[in-house]
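K.L.:
So that we are looking at the same thing, I have put the structure below in structure tokens.
The values are calculated or read from the model by the stated rules, or taken from the named source; none is laboratory data. Here the structure is a predicted model, which is why all the values come from computation and not from measurement. Don't worry about glycine lacking a Cβ; one is built from the backbone with ideal geometry, like all the others, and counts go over all protein chains shown.
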Amino acid sequence: MRCLCSHSPITAQAISEATSPGTAVLRLSASDTDELGSPNSEVRYALEGNVAALALLRIDAWSSTINTRVRLDLELLAVFELCMVAQDGRDPPCAATCRLSVCVEDANDNEPRFERAVYCSHLPEHATPGFDVLIVQIFQGHSYDVMCVDITQGALNFESVTMLP
């Protein structure tokens, strides 16, 4: 038996947080050189790994289609690895494995939250253009947006800069 993805020991897959539970996200396959149609050539698939990762994905033992069990959440688990096992029908069975690395993609599912409920700032009477009046941090689940309020050409100017934690 040989794994079709044996040239690449790690198969990477990106899955969006917005993916609904039950969605098919990947299908890998393996082949067996035993006589076609014999019980020895029947290939069954399984996933192995840590309990947290196994709770997120499931595999159909006959088709090798991998589906999401639940909606993924980047803030809980951004990257995880599982091992896909393909096993033939021999006794004892022969098996091949491939590592599956999954990256959860952000779906912007978090409402922004200000760092504080109230902001207060003092503006000097003779402040010049470019003077920072106020700097505000806004948290969005896994990153901060920083809002700078300054004076440009005599008017207030709002500039947003995204910063990762």
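K.L.:
Which count do you get for residues in the stretch 85-138 that are in contact with an Asp or Glu (Cβ under 8 Å, 6 or more places away or on another chain) and hydrophobic (A, V, I, L, M, F, W, C)?
P.N.:
Qualifying residue count, the stretch 85-138: 11.
K.L.:
So which pairs qualify, if the first residue must be in the stretch 57-68 and free of Cβ contacts under 8 Å to residues at least 40 places away in the same chain, the second must be charged (D, E, K, R) and in a loop (DSSP other than H, G, I, E, B), the Cβ gap must be under 9 Å, and the two must be at least 6 apart or on different chains?
P.N.:
58/69; 62/42
K.L.:
If you don't mind, there's one more thing I want to ask. Which residues, counting only those in the stretch 35-74, are more than 17 Å from residue 21 (Cα to Cα), out of contact with any helix residue (DSSP H, G or I) (no Cβ under 9 Å at 6 or more places or on another chain) and not polar (S, T, N, Q)?
P.N.:
36, 37, 39, 42, 43, 44, 45, 46, 49, 51, 61, 62, listed by residue number.
K.L.:
Find the strands (runs of 3 or more DSSP E) located wholly in the stretch 42-108 whose residues include 1 or more that are surrounded by 15 or more Cβ atoms within 10 Å (Cβ to Cβ) and under 16 Å from the mean Cα position of the chain (by Cα), and list them. Steps first, answer last, please.
P.N.:
Values: elements: 44-48, 57-59, 65-68, 79-87, 95-105.
Correct list: 57-59, 65-68, 79-87, 95-105.
K.L.:
I'm checking my understanding of the structure. Among residues of the stretch 12-41 that are within 18 Å of residue 77 (Cβ to Cβ) and in a strand (DSSP E or B), which one is modelled with the lowest pLDDT?
P.N.:
Going through the stretch 12-41, the residues within 18 Å of residue 77 (Cβ to Cβ) turn out to be 12-21, 23, 25-26.
Those still in the list that are in a strand (DSSP E or B) too: 12-16, 25-26.
Details: 12: 80, 13: 86, 14: 88, 15: 91, 16: 91, 25: 91, 26: 89.
So the residue we want is 12.
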